[in-house]
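Only one structure is covered here, and it is reproduced in the block below.
The values are calculated or read from the model by the stated rules, or taken from the named source; none is laboratory data. None of these values were measured; they are calculated from a predicted model. Neighbour counts are summed over all protein chains in view; Cβ atoms, including those assigned to glycine, are modelled from backbone coordinates with ideal geometry. These area figures cover heavy atoms from the full protein model, side chains too; ligands, DNA and RNA do not enter into them. Shrake-Rupley method; radii C 1.70, N 1.55, O 1.52, S 1.80 Å.
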Amino acid sequence: MKYSETKKININFKDQPKDIYAIVIDNPCNKNDFPELVNRNYFCEGNELNKEYTYSVDNKLVIGLLHNAKKCDAYDTDYINNDQITGPMCEARNSMPLEELNFGMGDIFIRLAN
């Protein structure tokens, strides 16, 4: 969440357009420190996103789609922050320096999106 944003996009589903929210990150292809564990040739053609294998909006890489999305209100945010599991973990992970991350795929994504 820390390194991504949402963007409202319109997609045709069976010839029926629908507005949905996409989770996007900045184009990682021009990064000097592109993560070694990610196949750069799959995502990139030079400094541009590889249109054959990726989907992008406004030169931002789409990494997910949210269906029936809504903006969180104060109650939603409070509920997430006080959840027994996600509450303390989100705060700890979001405040951890990049060089200390060593937990798996999430960390690889953070290095790609940062």
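Figures for the structure shown
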{"quantity": "All positions within the stretch 43-56 that are over 24 Å from Leu66 (Cβ atoms) and of a type outside the set (D, E, K, R)", "calculated": "Cys44, Gly46, Asn47"}
{"quantity": "Lys51 vs. criteria without any contact (Cβ under 8 Å) to a residue 24 or more places away in the chain and closer than 23 Å to Lys8 by Cβ", "calculated": "yes"}
{"quantity": "Every residue from the stretch 8-52 that is open to solvent by 20 Å² or more (accessible area, probe 1.4 Å), assigned to a helix (DSSP H, G or I) and of a type in the set (A, V, I, L, M, F, W, C)", "calculated": "Phe43"}
{"quantity": "Residue within the stretch 60-81 that is surrounded by 10 or more Cβ atoms within 10 Å (Cβ to Cβ), of a type in the set (S, T, N, Q) and part of a loop (DSSP other than H, G, I, E, B) present", "calculated": "no"}
{"quantity": "Subset of the stretch 91-108 [open to solvent by less than 60 Å² (accessible area, probe 1.4 Å) and either in contact (Cβ under 8 Å) with a residue 60 or more places away in the chain or assigned to a helix (DSSP H, G or I) (or both)]", "calculated": "Ala92, Leu98, Gly106, Asp107, Ile108"}
{"quantity": "Odd one out for Asn81 among (1) touching a residue at least 60 places away in the same chain (Cβ under 8 Å); (2) over 17 Å from the mean Cα position of the chain (by Cα); (3) farther than 16 Å from Tyr3 by Cβ", "calculated": "(1)"}
